[in-house]
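Here's the structure, in structure tokens; my notes come after.
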Amino acid sequence: MNWREWQARQAVVELGDRFLSYVDLGTGRPVVMLHGIPTWSFLWSALAPALALTHRVLVPDLLGYGYSDRRDCFDRSVSRQAEVVDAWMDRLGVVDAVVVAHDVGGGVAQHLAVRFPRRVGRLCLMDSVCYDAWPLELMLQLGHPGAVRKLSAEAVQRLLKLGMRRGGFARAPPDGVIEGLLAPYATEVGKVSLVRNAVSLNTNHTLEVAPRLGHLGVPVLILWGEDDGFLPPKYGERLAWDIPGARYVKVPGAKHFVMWDAPHMVATELFRFLGVEAPAEAVERASASLPPP
Amino acid sequence: MARAKQVSERDADGDVERVYHELRQVLRVTGVDVSLRLWAAFPRFFASMWEAMEPNVETRAFEEAADRLRDEALDAAAEWEELGAWDAVTLGPSQRFHVRGVLELYGALQPKVLLLASAVRLALVAEPVGRNAVPGAAERVERGAPARMAAMEWVSERPDDALLRSLFADIVKTVGQPGVPGEYRALALWPEYLEAAWSRLKPRMAEDDFVHAAEALGRSARREARALPYGVTLSREWVASQGEAAAAVFRVTDALERRLPMLLLNLAQLTLDAPEVERRPVPAASRLVPDWVAAGELR
């Protein structure tokens, strides 16, 4: 599925003066999938349809990301995002869900699990921001208000594509994936929104909830790319030590975008975590867009 | 007219940056449109023009005059056959939400820009603008873009996509220079929709009804400009005395004033074609500031 086809599947919900776009696939127990920076819900475009064979899969663009509200007038911190996700789930009538989250989405998920515990029935963190592992230096530079003037939208796209190709993927993802992941940020409005998202990345917000991660009381799966250079596996291990009963799975040969580097293994682990046998079609579907090694 | 220079919000500095901020606040929109960016290429004119026009633009009278122009365009468009672009494409719910946002944003903005362009053009040909009310006498409206107004997001004027390049070229050829109008660059975020819309709008623009409606709208805009509350001191001589190319400023203003009624009529057709788009988007609240503050701000 290319990014435009994914975008065409998005519904929208207004929450006060803000709005969220999201994809809603399948039926069954809800699974909420949260993306990180600098991506959007398209990050899950291979995995979500596979999970939707057995579950209702809800994939929002976080506030300020993708095709959700990107106006230049609100807070985008993980703390605020958790409140928005809570309100969004409330609006959709979803009481609790299995929350699967990557990168900054993992920070949002940690806040959601700690502050709105009834929303999170199970939690899967993939190469997630946590503790003081973040923000990356590139994001700190991008988040400087001066970046809006210094860098054109084209320059930001070039910079991020290079960064993602070099450090994000262990092998080249299918054609159009990186372009699709960055598509919402190709315009000036998109670039400004990305800069504002970057300036919202705040170590304190994960340190704030870190002491409470040991009291989550829900099953937790931690999936981490063994070669992730953005958020090294030691942080995944630390999470596993701090969260009683958490299962830690290191994904061999994968970097930060673990769901694209190892879709077969990630899908298999997720189905196991969901407590259902993975339909053969699902794992096939998750890996379908993968180019030959 | 060759491709005219535009000053982007990112590149604006000094007086132009200041005026851009004021324009967003006073016009109550989320960005600075193409027409205004074209004027900003003449920075001394731009700052003087804004100083001369701002007292009018921030009034309830200006807002209501713009509402009447929008209504006139919508009433004219309502007489024509439905466009059918909205139903011709398979956009998802979020995409349709965004398109509606663009139509409402430009529905709020374009009548104001038309009124502004008409007033400036009248001033540049030494015709009277405004009724010389006492400064501070007219009610003012609240500043700032409404919380729910869409962001002003555009595709590049020279896009990589061949379909968009060809559409943009055809649009400029049909509506006239200078530059691809902002609403088309915004709608180009959904190329299929823009193509469906433009392929239906273009043939109508050659019809007598459309031409007459555009002429009438242009006349209405000048009438409304003459009736604004405050007199406007702006002239070609003043522009020249500021060291700007007065003839070039006039050419751009004249071209803008000529094409804006057509753009507004097209926008009205798109508005009527799309369900649930507000005819009068984001009405303005009164600005509740003491008179002595208002008088001081009016300099």
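Out of every Cα pair in segment B:1-98, what percent are spaced more than 19 Å from each other?
60
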Report the Rg/Rh value for chain B, based on alpha-carbon coordinates and the Kirkwood definition of Rh.
0.95
Within straight cross-link reach of B:Lys5, meaning Cα distance under 18 Å, which lysines are found once same-chain residues fewer than 8 apart are removed?
B:Lys173
³J(HN,Hα), Karplus 6.51/-1.76/1.60, whole Hz, each residue of segment B:241-253, x for Gly, Pro:
5, 7, x, 9, 7, 4, 5, 5, 4, 5, 4, 5, 5
Mean separation of Cα pairs under 8 Å and 6+ residues apart, divided by the residue count of chain A: what relative contact order is that in percent?
20
Given Cβ charges of +1 for Lys and Arg and -1 for Asp and Glu, the option among A:Ala254, A:Leu194, A:Ala240 whose Cα lies farthest towards the positive end of the dipole of chain A is A:Leu194
Between the Cα axis of helix B:208-226 and the main Cα principal axis of chain B, the angle (0 to 90°, nearest 10) is 20
Mean per-residue count of partner chain Cβ within 10 Å for B:89-101 equals 5
Could you let me know the centre-to-centre spacing of segment B:118-137 and segment A:18-85, using Cα atoms, in angstrom?
51
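So if the hydrodynamic radius of chain A is defined as the Kirkwood radius over C-alpha pairs, what does Stokes-Einstein give as its diffusion coefficient at 10 °C and 1.306 mPa s, in µm² per second?
Rounded, D is 85 µm²/s.
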Can you give the local net charge around B:Thr90? Use residues other than it whose beta-carbon is closer than 15 angstrom to its beta-carbon, Lys and Arg +1, Asp and Glu -1.
-1
Taking 23 Å as the cut-off for C-alpha to C-alpha distance, list the pairs among A:Lys161/A:Lys255; A:Lys191/A:Lys234; A:Lys191/B:Lys202 that go past it.
A:Lys191/A:Lys234; A:Lys191/B:Lys202
Give me the net charge for the shell around A:Ala254: Cβ to Cβ below 12 angstrom, other residues only, Lys and Arg +1, Asp and Glu -1.
-3
Per residue of segment A:261-274, what does 6.51 cos²θ - 1.76 cosθ + 1.60 with θ = phi - 60° give for ³J(HN,Hα)? Whole Hz please, x for Gly and Pro, Karplus curve as stated.
6, 9, x, 5, 5, 5, 5, 4, 5, 5, 4, 4, 5, 6
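Kindly state, as a whole number, the per residue volume in cubic angstrom of the convex hull around the alpha carbon atoms of the protein assembly as shown.
So the per-residue Cα hull volume is 152 Å³.
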DSSP-defined antiparallel bridges as percent of all bridges, the protein assembly as shown, nearest 5
30
Tell me the net charge near A:Leu47. Cut-off is 13 Å between Cβ atoms, A:Leu47 excluded, with +1 for each Lys or Arg and -1 for each Asp or Glu.
-2
Would you pull out the residues with amide H under 5 Å of A:Leu15's amide H, same chain only if 5 or more places away, H placed 1.01 Å from N?
A:Leu20
5 Å is the cut-off here: which amide hydrogens, built 1.01 Å from N in the peptide plane, fall below it relative to A:Ala97, excluding neighbours closer than 5 in sequence?
A:Val120, A:Gly121, A:Arg122
Name the residue farthest towards the positive end of the dipole of the protein assembly as shown from the options B:Pro178, B:Ser8, B:Val252, assuming +1 on Cβ of Lys and Arg, -1 on Cβ of Asp and Glu, about the Cα centre.
B:Ser8
So, how do all the Cα-to-Cα distances of segment B:174-258 break down into 5 Å bins, in percent, from 0 on up?
3, 11, 13, 17, 19, 15, 10, 8, 4, 0
Distance in Å, no decimals, from the C-alpha centre of segment B:47-65 to the one of segment B:226-286 is 11
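All of the numbers you see were taken from the coordinates with simple rules; none came from a lab. These numbers were taken from a predicted model, which means no experiment stands behind them. Methodologically, a virtual Cβ is constructed for each residue, glycine included, from the backbone with ideal geometry; neighbour enumeration extends over all protein chains shown.
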